[in-house]
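Report on the following structure.
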Amino acid sequence: MASELANLLADLKETEATDKVKGDLEKGADPMGILAEAREGMKIVGERFGNGDYFIPDLIYSGEILKEIARLVEPHIKQKDDQGQKLGKVIIGTVAGDIHDIGKDLVVLMLDISGFEVYDLGVDVPVQNFVDKIRSTGAGVVGLSGFLTLAFDAMKETVDAIKAAGLRDNVKIMIGGGQIDDEVKRYTGADAFGKDAMEAVTLARSWISQP
Amino acid sequence: MAGIQLASACGGNGKCLKCRVIIGEGDVSPLTDLELKALKEHELIKGHRLACCAYALSDLKIEVPEKSLARDVRLQLYGLTEPAAVDPVIESYDIRVKAPSLQDAGADMDRVMAELRGRTEVQDLYPDIASVRQLSSILRSEHWRITSYIRSGEILGFASHGYPPLGVAIDLGTTKIAAWLINLQTGRELEGLGALNPQIQYGEDVMTRLRYSINNHGTLAGSCGKLAGAVRDMIREMISRLVDKAGESLEQVTDVCIVGNTAMTHLLLDLPVGQLAASPYVAAVNHALDIKAREIDLNVCPGAYCHVLPGIGGFVGADHVAMVLGTGIDRTSGVTLGLDIGTNTEIVIRRPDRDLMMSTSCASGPAFEGAHVTDGMRAVTGAIESVRLTENGAECRTIGDAPPIGLCGSGIIDALSELYKWGLINERGRFNRTSSRLHRGEQGPEFRVVEGKDGEQRVAITQRDIDQIQLAKGAIRAGIAALMQETRTSPDMVGEIILAGAFGSYINIANAVDMGLLPWFPNATYKQVGNAAGQGAKMALVSRSERRRAQQIADRTGYLELTTHKGFKRLFAEGMMFR
């Protein structure tokens, strides 16, 4: 049985969910526990998306609610522990020339609640930033997002730059957004593409659990 | 090449499967991976191929299924607004020149100019070089009686005595091109013509075309290459056909006025597009342009000009300015919202109380043109244009009353509105999977608008199709909501919603409001005005003052970049819902 907060979040009841968090915090509830419940709610959202009950707007709403809960809880967290072991590091960004962030943000959200340590580089990310971030974090997965057709070329350039930096064998690269398919994957030189945020999580899991 | 036009929505990229043909006899190139994936085994055995993937290796006999034929497109040529007052750009003078002799051996052009000086108030007459090249032979063949066309003192060219100057107004759309031949002295419309934009073969949407252009020709000026060539050829051909139909001559066409979105005008004029395709998406020029028609390969009056209306910002270009001009949104007395729904949807809001206009553009995608929708198609013969659900089925009306073969935009809107009303989809746009009225299709549950019995073509709506429409309407509604937030306009303030463009003119407004494509505003009246951009182009063609007004509209209208609007994400999510 999921907790009350998890269900409120899963049912996208924004006001009720945030009121519940406020009430719990006033009563001195454990902020880490609240976040765990919220994560549980997001897991249900992910399942509902997976089986076709939810669609993109529901993911967006749940993300907004989660953001609000995190904002409420934040001041109550005394010391940041790492909330346990993270699954692995993933770098995400919308490629150069493209400024669309909705899909990218959903991928960041779902990876985050699935237990990955996510580095969000934002939008219109210069090729070099991806290379630098791979070097500095040692992340094993890179996600390139792009909505515009022209992003295919920026994706290819990014993959090429990672290759030129000698880092291609250290990372698995996934692409997603807009009208991406197998053909585009081949063109860009990425390892895989995902149709939605849940597929991004599946891909990251499959790569990171591999030895 | 049998001259058969095949359907295509993806621009020959093996994506839309609409150009399917069946090979009868002859050799063709091996199956591509795309085809192996897209076509079913039994279809492959029967010889099904995609025309965009297969090449002929010998003479072929092929069968073109009816669904693969490109059909007559329903083009909206006629705007419903008032004609513009004429304030001519071109002066024309019928003149008689004395033939030269050894005693009076002045040059041909000098003789013409001497004659014209007595006729026009303009002091500084000067000839365009091409008009000089035209003059000597026409003077002699017409026995020294000709008509000369002048624009602000510049002599543009000549025609037979008594022939009025004509102009061509062109609405250069991403999908369609519309053109009109107009008498520049009276403002009277002589002929109209529509055609598909031939650039479609290089990509269905503007971004794909810009990408093609950049990848194949580079990012510098003068490098649009094939894309510019294709559309120039088409415009030249359309002008010829217009002139033929009207029984006039090309020499009379002394002015051309073109409107189009920023990408279309850039590709036509061979302007650099690299900076337009990537953030922050800036045009090479937004200001109106007057160029020689010959610079874009038009063979009309030798010195004729082509006027390109100004743009506003980003992809909000000359066609949007023309739409505002054509509908008079810039002069309304109440708060007005204007929409031109297409692959890109342009939206404008005017607040006369604050002397404010602001526009935006959103990527609504080609779903309403039938692309990315399983049984979607353009608004051509056989397309279901309206749908009504009944107790036990669906009643459809098709364009041309032909047997149904797919759904066009207005049909899709009707169908979704009805599915929602009948509780077959919920407010999230998800199918009610327990309903007995749904069928199990290859991609999960589907609603069959046409059952597909007795040899009929089955027409179904899948969950993925609904997703596509939701993404489109989410973008449009978010665009409207963001503009209203930015201009601090509340729903009750809006007095009029003006729907321009072919799509907006054919949809059932009540259904579009019910399924949430259009907002419901309590005090607003909804008005469908047809091709307002074309109307604006015609007005600017015949009138100097309308050209000035167009530049004012462009200068005074703010541009909102949606992706950076705070809260856009939530507006987008809300806009996708059915409520």
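The values are calculated or read from the model by the stated rules, or taken from the named source; none is laboratory data. In this text the structure is predicted, and so the values were computed from the model without any measurement. Every residue, glycine as well, gets a Cβ built from its backbone with ideal geometry; the counts of neighbours run over all protein chains shown. Heavy atoms of the whole protein, side chains included, go into the accessibility calculation; ligands, DNA and RNA do not. Shrake-Rupley method; radii C 1.70, N 1.55, O 1.52, S 1.80 Å.
Quick one: how many residues across the range B:162-182 are more than 19 Å from residue B:230 (Cα to Cα), modelled with pLDDT of 95 or more and not aromatic (Phe, Trp, Tyr)? So the count comes out to 6. Among the residues of the range B:305-313, some residue qualifies, meaning at least one is open to solvent by 30 Å² or more (accessible area, probe 1.4 Å) and aromatic (Phe, Trp, Tyr).
Going through (1) buried (at least 21 other Cβ atoms within 10 Å of the Cβ); (2) farther than 30 Å from residue B:532 by Cβ; (3) away from chain A (no Cβ under 14 Å) one by one, residue B:437 falls short only on (1).
Scanning the range B:468-500 for residues that are closer than 19 Å to residue B:525 by Cα and open to solvent by 10 Å² or more (accessible area, probe 1.4 Å) returns B:477, B:481, B:484, B:489, B:490, B:491, B:492, B:493, B:495, B:496.
Taking the range B:111-135 as the range and being surrounded by fewer than 15 Cβ atoms within 10 Å (Cβ to Cβ) and more than 16 Å from residue B:94 (Cα to Cα) as the test, the residues that pass are B:123, B:124, B:126, B:129, B:133.
For (1) touching a Leu at 6+ places or on another chain (Cβ under 6 Å); (2) modelled with pLDDT of 95 or more; (3) hydroxyl-bearing (Ser, Thr, Tyr), each residue gets a yes or a no:
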| residue | (1), (2), (3) |
| --- | --- |
| B:511 | no, no, no |
| B:523 | no, no, no |
| B:559 | no, yes, yes |
| B:563 | no, no, yes |
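Residues in the range B:367-378 that are in a helix (DSSP H, G or I) and either closer than 19 Å to residue B:562 by Cα or open to solvent by 30 Å² or more (accessible area, probe 1.4 Å) (or both): B:369 alone.
Would you be able to say whether some residue in the range A:95-103 is away from chain B (no Cβ under 14 Å), open to solvent by 10 Å² or more (accessible area, probe 1.4 Å) and in contact with a Leu (Cβ under 9 Å, 6 or more places away or on another chain)? The answer is no; no qualifying residue exists. Restricting A:113, A:134 to those that are over 18 Å from residue B:215 (Cα atoms), more than 14 Å from chain B (Cβ to nearest Cβ), in contact with a strand residue (DSSP E or B) (Cβ under 9 Å, 6 or more places away or on another chain) and aliphatic (A, V, I, L, M) reduces the list to A:134. When the range A:150-184 is filtered for residues that are within 14 Å of chain B (Cβ to nearest Cβ), under 22 Å from the mean Cα position of the chain (by Cα), free of Cβ contacts under 8 Å to residues at least 60 places away in the same chain and assigned to a helix (DSSP H, G or I), the ones remaining, listed by number, are A:151, A:152, A:154, A:156, A:182, A:184.
Residues are listed down the side, and each one gets a yes or a no for (1) under 19 Å from residue B:32 (Cβ atoms); (2) modelled with pLDDT of 80 or more; (3) among the acidic types (Asp, Glu); (4) surrounded by fewer than 17 Cβ atoms within 10 Å (Cβ to Cβ):
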| residue | (1), (2), (3), (4) |
| --- | --- |
| B:48 | yes, yes, no, no |
| B:51 | yes, yes, no, no |
| B:66 | no, no, yes, yes |
| B:72 | no, no, yes, yes |
| B:75 | no, no, no, no |
| B:84 | no, no, no, no |
